[in-house]
Amino acid sequence: SSWARCDLHMKGVFEHFARIRPLVSAEHFMQLLQLWVFSPTHFNEHIADMLAGRGEAAFNPMPNHAFAAQCAACINHDIHDRLNQISAPSLLTAGDADIFTPLRCSEAMHQRMPHAQLATFKGLGHGHHWEDLTRFNRVTIEFLLAK
């Protein structure tokens with residue numbers, strides 16, 4: 001779920017997250033992130049894990065300033081014009097149901113990277129690597145062993 005730069009929608013998402021984080025409890029913010037990061041199917045099938053994650057966030061929250069800095073780094077990230085300089089074989093993976101960093105972002109990178117491979121995870125979200133860990137590991141290991 002890589003991206004080379006934020007478009008206006010993605011910037012809006014990160015700006016909104018940074019504004020909302022200090023206004024709600026860590027537990028409620030974790031719930032928001034879970035809804036954005038995981039596909040509905042994964043969320044529904046792993047509700048016990050989702051609830052446990054919220055409890056962990058409430059017990060040990062990320063400081064607001066650290067989260068704001070992370071959002072600022074995401075907003076200012078821009079390597080779009082340098083992607084064609086990457087000569088190393090690269091693997092991009094993305095869920096086609098990712099609403100956080102949409103598939104279009106990884107597809108745009110793939111088009112500009114001459115030696116990139118794109119593996120798409122159908123029906124999965126930003127957390128596709130958790131949602132289908134077996135396939136993610138297989139795809140990654142096959143890529144690494146082929147090089």
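Okay, here's what the table says:
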quantity: When residues of the stretch 37-76 are limited to those that are of a type in the set (F, W, Y) and more than 17 Å from D132 (Cα to Cα), the one modelled with the lowest pLDDT; calculated: F59
quantity: Which listed residue is under 19 Å from D7 (Cβ atoms), at pLDDT 95 or above and assigned to a strand (DSSP E or B), from L83, L92; calculated: L92
quantity: Among residues of the stretch 19-36, those that are open to solvent by 30 Å² or more (accessible area, probe 1.4 Å) and either assigned to a helix (DSSP H, G or I) or charged (D, E, K, R) (or both), counted; calculated: 12
quantity: Where a residue in the stretch 53-76 is in a loop (DSSP other than H, G, I, E, B) and its partner, wherever it lies, is open to solvent by less than 60 Å² (accessible area, probe 1.4 Å), with Cβ under 7 Å and at least six apart; calculated: P61/A26
quantity: Residue within the stretch 127-134 that is open to solvent by 80 Å² or more (accessible area, probe 1.4 Å) and either among the aromatic types (F, W, Y) or on the phi > 0 side of the Ramachandran plot (or both) present; calculated: yes
quantity: Conditions (1) under 14 Å from H42 (Cβ atoms); (2) in contact with a strand residue (DSSP E or B) (Cβ under 9 Å, 6 or more places away or on another chain); (3) crowded, with 17+ Cβ neighbours inside 10 Å: number failed by S106; calculated: (1)
quantity: Residue match in the stretch 118-125 (condition: over 26 Å from T41 (Cβ atoms) and either in contact with a strand residue (DSSP E or B) (Cβ under 9 Å, 6 or more places away or on another chain) or surrounded by 14 or more Cβ atoms within 10 Å (Cβ to Cβ) (or both)); calculated: no
quantity: Qualifying residue in the stretch 77-98 (condition: of a type outside the set (A, V, I, L, M, F, W, C), over 26 Å from T140 (Cα atoms) and surrounded by 16 or more Cβ atoms within 10 Å (Cβ to Cβ)); calculated: no
quantity: Of the criteria (1) at pLDDT below 95; (2) out of contact with any Asp or Glu (no Cβ under 6 Å at 6 or more places or on another chain); (3) part of a helix (DSSP H, G or I); (4) not aromatic (F, W, Y), which one S2 fails; calculated: (3)
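The values are calculated or read from the model by the stated rules, or taken from the named source; none is laboratory data. Here the structure is a predicted model, which is why all the values come from computation and not from measurement. Glycine gets a Cβ as well: all are built from the backbone with ideal geometry, and neighbour counts include every protein chain shown. Calculation scope for accessible area: heavy atoms of the full protein, side chains included, ligands and nucleic acids excluded. Shrake-Rupley method; radii C 1.70, N 1.55, O 1.52, S 1.80 Å.
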